[in-house]
1. Rounded to the nearest whole Å³, what is the per residue volume of the convex hull around the Cα atoms of region 30-92?
2. Please work out the FRET efficiency for the pair ALA8 and SER98, using the Cβ-Cβ distance as r and a Förster radius of 22 Å; give the result to the nearest 0.05.
3. Order by neighbour count: PHE93, PHE107, PHE71, fewest other Cβ atoms within 10 Å first, most last.
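Derivation of every value follows stated rules applied to the coordinates shown; laboratory data play no part. If you're wondering where the values come from, they're calculated on a predicted model, not measured in any experiment. Cβ atoms come from the backbone with ideal geometry, glycine included; neighbour counts cover every protein chain shown.
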Amino acid sequence: MILEKIDALAAALPPGRAVAGLDLGEKTIGVAVSDRMLSVASPLETIRRRKFGLDAARLLEIARTRELGGFILGLPYNMDGSEGPRCQSTRAFARNLSRLTDLPIGFWDERLSTVAAERALLEADTSRKRRSEVIDHVAAAYILQGALDRLRHLRNAP
């Protein structure tokens with residue numbers, strides 16, 4: 001089930017289950033996971049993209065072993081807020097993934113997440129080689145943390 005609005009996703013998420021955040025690139029998928037309280041995002045891994053079926057199988061394996069309650073995909077809007085080809089590709093990935101799982105799938109604006117991840121890694125004095133290895137799943141954690149912060153706000157709203 002694909003949910004466009006974060007409040008609809010919040011209502012669909014089962015209580016006490018973590019969620020995964022995904023940063024979909026052309027060559028890789030950065031994966032981050034939350035804790036069960038939906039408060040902290042942690043980078044998990046980067047999947048080298050091959051075929052959709054293999055990529056989806058790995059994501060569903062992560063979902064099963066970590067008992068996830070849903071997925072949040074970074075939606076790469078253009079800087080002016082419009083949707084380009086990368087957004088269309090992400091939406092197509094979500095549609096295809098939704099055919100393989102009943103877990104709710106939502107979206108989060110990912111503009112500048114990779115820039116923020118790169119900046120954090122530079123501030124941590126991470127080597128160029130190590131940055132290239134971890135940038136995608138660190139960016140996924142930035143995407144997921146933004147969504148988690150919004151979900152927390154929705155839960156605490158009157």
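1. Enclosed volume per residue, from the Cα hull, is 113 Å³.
2. For ALA8 and SER98, the calculated efficiency is 0.95.
3. Fewest-to-most ranking of PHE93, PHE107, PHE71: PHE93, PHE107, PHE71.
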